[in-house]
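Take a look at the structure set out below.
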Amino acid sequence: MGRKFLVALGGAALALSLAACSGGGAGSGEKSGDEKPSDLTIGVSMPTQTSERWIADGNAVKSKLEAKGYKVDLQYAGDDIPTQSQQVDQMITQGADVLILAAIDGTALSSQLQAAAAAKIPVISYDRLIRGSKDVDFYVSFDNYKVGVAQGTALLVGLGLLNKDGSKGTAKGPLNVELFAGSLDDNNTQFFFGGAMDTLKPFIDDGTLVVKSKQTTPEQVATLRWQQETAQKRMENLLTSAYNDGSKVDGVLSPYDGISRGIITALQNAGYGKGAKKLPVVTGQDAEIASIKLINDGVQSSTVFKDTRLLAEQAVNAAEAFLQKKQPQANDTKTYNNGVKVVPAYLLPIATVYKDDIKATLIDSGYWTAEEVAAGQAKK
Ligand code: BGC
């Protein structure tokens, strides 16, 4: 069978048959462990380019691998599940030697993973755990539960109920808050929302925090595909349904900067941020440049910084270990059960960023420049 023909057909089943009949052809993964990097290709699949975070991840993984001499096939799936499946199928049929995958939907890549396993291609789950498959070999991410705790804590600090050092703040309730979570098909969502709710629950239970909409379950507060517009719509609906009696929102738990910007737009359109009607405290995640400017300008309250450069480095280390027939080094072998097995993981630390932290955490570390922060836009 000609290779062109195979590529044209694509598909997981095909990858399986390719592996079965070629016995060591493209993508068989049957390497000796001492090939030259330039003979090896790493397939990198990222969910979307609508969020800077994934662009930064893709670029960082690619450039770090290329600096070591590897070939890289980097693809973005435009947040479309069939596109991602197809791109990964194609990486397999075209002979990728390792796959680094950040899934759109954590359960939608099982057939691709089966094909990868049949072709002996190691799979590294990147930031978002792939669920329901035994064929995930390693997971690199951040401590996602701690991200949630940091978001809940940042809401409490922003509201003045806690001080940054964790001691009790001077504010008194009751304060009105609303809750947002990410996409339910992303395994991280349960960790973020769970960590935040564990932190906020005592304050909700004793009446210090009031969720006027009464929407508190993950299903009620989720945001499909993490979309800014969806969050803006939901905030608009909350304002007209639960705050049409003259009451005000004091804080909003937001799991991601794009969602935060949607929420802020809805609030501003409803007159918040003008005169005495102060904008609520809004949290975030990813230190996206548009949100860092908002934090610097006192519009958004905080974000959680996850250094994508370090995550990319861990992904590259793991890929290299597999290519050298070694096991990557894990620092967590308990937390990430994907429904079929516990996936060994390397988890990185996170940092909360308030306005005061922008310089030390983001500018001094070279993540963003002072000019980018002022402009609210990435240079390149
Ligand atoms: C990532 C977050 C990101 C979100 C939306 C999650 O899987 O861990 O960093 O904010 O996806 O892109």
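The values are calculated or read from the model by the stated rules, or taken from the named source; none is laboratory data. No experiment lies behind these values; they were computed from the predicted model shown. All Cβ positions, glycine included, derive from the backbone under ideal geometry; neighbour counts span all protein chains shown. Heavy atoms of the whole protein, side chains included, go into the accessibility calculation; ligands, DNA and RNA do not. Shrake-Rupley method; radii C 1.70, N 1.55, O 1.52, S 1.80 Å.
Miscellaneous remarks
- Per residue solvent-accessible surface (Å²) - segment 64-110, probe of 1.4 Å: 34 Å²
- Cross-link partners of residue 146 among aspartates and glutamates (Cα-Cα below 12 Å; sequence separation of 8 or more within a chain): 198
- Rounded to 5, percent antiparallel among DSSP beta bridges of the chain: 20 percent
- 222 nm mean residue ellipticity, helices alone, for the chain (DSSP H n ≥ 4; -39,500 (n - 2.57); rounded to 500): -12500 deg cm²/dmol
- Listed pairs 212/306; 134/326; 71/325 exceeding 23 Å between Cα atoms: 212/306
- The average projected area of the chain, computed from the convex hull of its Cα atoms over all directions, is 19.4 nm².
- Nearest 10 degrees, 0 to 90: helix 52-67 Cα axis against the chain principal axis: 30 degrees
- Theoretical FRET efficiency, 1/(1+(r/R0)^6), r = Cβ-Cβ of residue 268 and residue 224, R0 22 Å, to 0.05: 0.40
- Estimated vicinal HN-Hα couplings, Hz - segment 329-336 in sequence order (Karplus 6.51, -1.76, 1.60; Gly, Pro = x): 7, 9, 10, 8, 10, 10, 6, 9
- For the chain, the longest site-free run once GluC sites (Glu not before Pro) in DSSP loop states with at most 16 other Cβ atoms within 10 Å are removed: 36-380
- To the nearest ten degrees, helix 144-158 and the longest principal axis of the Cα atoms of the chain are 20 degrees apart.
- When you filter the trypsin sites (Lys or Arg not before Pro) in segment 59-109 for DSSP loop state and at most 16 other Cβ atoms inside 10 Å of their Cβ, you are left with 68.
- Listed residues 204, 189, 247: farthest to the positive end of the dipole of segment 142-294 (Cβ charges): 247
- With DNA, RNA and ligands ignored, accessible area of residue 225 (1.4 Å probe; Å², nearest 10): 50 Å²
- Ranking 50, 240, 303 from most to least accessible surface, computed with a 1.4 Å probe over the protein chains only, gives 50, 240, 303.
- Taking amide H as placed 1.01 Å from N in the peptide plane, residue 336 has its amide H under 5 Å from the amide H of 343, each at least 5 places away in sequence or on another chain.
- ³J(HN,Hα), Karplus 6.51/-1.76/1.60, whole Hz, each residue of segment 106-121, x for Gly, Pro: x, 10, 8, 10, 4, 5, 5, 5, 5, 5, 5, 5, 4, 8, 6, 9
- On Cα atoms only, tilt of 228-242 relative to the major axis of the chain in degrees: 30 degrees
- Under the Karplus curve 6.51 cos²θ - 1.76 cosθ + 1.60, θ = phi - 60°, whole-Hz ³J(HN,Hα) for segment 69-82, x wherever Gly or Pro sits: x, 6, 8, 10, 10, 9, 10, 10, 9, x, 6, 10, 4, x
- Rounded D (µm²/s) - segment 156-259, Kirkwood Rh over Cα pairs, Stokes-Einstein at 25 °C, 0.890 mPa s: 172 µm²/s
- A straight chain from residue 233 to residue 359 at 0.36 nm per residue would run longer than the Cα-Cα distance by 42.1 nm.
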